[in-house]
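Down below is the structure, laid out as structure tokens.
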Amino acid sequence: MIVVTGATGNVGRPLTQALAEAGEQVTAVSRHAAAMPDGVRHVAADLAEPTSLTPALDGAKALFLLLSGDLHAPEARPTDIIDLAAARGVRRVVLLSSQGVATRPLGASRVAMRAVEDALRGSGLDWAVVRPGGFASNAFAWAESVRTQATVAAPFGDVGVPVIDPADIAEVAAACLLDDRHTGGVYELTGPEVITPRQQAEVIAAVLGSPVRFHELTRDEAKATMTQFVPVELADDTLDIISAPNPAELRISPDVERVLGRAPRPFSDWVARNIAAFR
């Protein structure tokens, strides 16, 4: 049995589906009840309270660990989850980390994630780490303004990064959970091309078949919006990257193709699959 945390999110949902389609027994973990694929067990747990994960881990052989905001929650103890998994007999953990652990190791959020990576390496478990860059699904933040105003509003309109489709992250994670060849692997995951926010708006417009205006926000305007959903430190870290990505953050990684045997999906593929959100 494989446990997937963050199972209702942009990575966890397709990962849960992929594992179920592969014939695996899957326990999906999220804070609240949610519809799941046929045969998938659901357990409600809050990773900010590691012991709440105990019922999900009974009988598990592997764990996909997605910490997200739980890494930054007050009194968070993410490394306790790894200890708990080992104590409950889990033998493999695949951690969703961040590209920034390597490209900007001194950022507050990256220091915390590096500590989780290091704890996993020292746990005695089989492990793999996936480090995606920017997510294509961050474009969901524009869905309402596209629907109601035909507008995408974002900072740094002509500064791009190679955003990654969460479905590709999920497929790589599934391979790491199922195939011993990926034990000890650290995979940096990017899309196939650098794409700017202005270009992303153009792609959305093309798939919609109607014009979409691009409105460039100031950094302060963008930060004010972001801090409604994430801690100030994480907002600043993110804005630092998207305003001036360094060469490592602009690099097109070969790791998706190395694991999956195909190139990563372009942003246009993600938009085509999710265009209903923008109509």
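The values are calculated or read from the model by the stated rules, or taken from the named source; none is laboratory data. Since the model is a prediction, treat every value here as computed from it, not as a measurement. Because the Cβ atoms are built from the backbone with ideal geometry, glycine has one as well, and the counts that use them run over all protein chains shown.
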Of the conditions (1) within 21 Å of E188 (Cα to Cα); (2) surrounded by 17 or more Cβ atoms within 10 Å (Cβ to Cβ); (3) of a type in the set (A, V, I, L, M, F, W, C); (4) out of contact with any helix residue (DSSP H, G or I) (no Cβ under 9 Å at 6 or more places or on another chain), the single one that A56 does not satisfy is (1)
For region 153-165, enumerate the residues that are part of a loop (DSSP other than H, G, I, E, B) and at negative phi.
-> G157, D158, V159, G160, P162, V163, D165
Selection from region 77-136 of residues part of a loop (DSSP other than H, G, I, E, B), over 23 Å from A7 (Cβ atoms) and among the aliphatic types (A, V, I, L, M) yields L106
Picking from R279, R198, R265, which residue would you name as being exposed (fewer than 14 other Cβ atoms within 10 Å of the Cβ) and touching a residue at least 24 places away in the same chain (Cβ under 8 Å)?
-> R279
Pick out the one residue from V111, V11, V40, V29 that is of a type outside the set (D, E) and within 24 Å of G122 (Cα to Cα).
-> V111
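Kindly indicate the residue of region 53-65 that is in a loop (DSSP other than H, G, I, E, B) and at pLDDT 95 or above and also nearest to A175 (Cα to Cα) among those meeting that condition.
Just the residues of region 53-65 that are in a loop (DSSP other than H, G, I, E, B), to begin with: 58-61.
Checking the rest, the ones that are also at pLDDT 95 or above come to 60-61.
Numbers: A60: 17, K61: 15 Å.
Once the filter is applied, the top-ranked residue is K61.
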Which members of region 132-183 meet the condition of being under 30 Å from E24 (Cα atoms), out of contact with any strand residue (DSSP E or B) (no Cβ under 7 Å at 6 or more places or on another chain) and among the small types (G, A, S)?
-> S137, A167, A170, A174, A175
Consider only pairs whose beta carbons are under 6 Å apart and that are at least six residues apart or on different chains; among these, list those whose first residue lies in region 30-47 and is farther than 15 Å from A18 by Cα and in a strand (DSSP E or B) and whose second residue is of a type in the set (S, T, N, Q) and at pLDDT 90 or above.
-> S30/T8; V43/T27
Matching entry among A205, A150 (being on the phi < 0 side of the Ramachandran plot, over 20 Å from the mean Cα position of the chain (by Cα) and either among the small types (G, A, S) or surrounded by fewer than 17 Cβ atoms within 10 Å (Cβ to Cβ) (or both)) = A205
Do we have T225 as crowded, with 17+ Cβ neighbours inside 10 Å, under 18 Å from F135 (Cβ atoms) and hydroxyl-bearing (S, T, Y) here?
-> no
Quick one: which of D220, D158, D180 is surrounded by fewer than 16 Cβ atoms within 10 Å (Cβ to Cβ) and without any contact (Cβ under 8 Å) to a residue 12 or more places away in the chain?
-> D220
Scanning region 168-189 for residues that are over 15 Å from the mean Cα position of the chain (by Cα) and acidic (D, E), which turns out nearest to V4 (Cα to Cα)?
-> D179
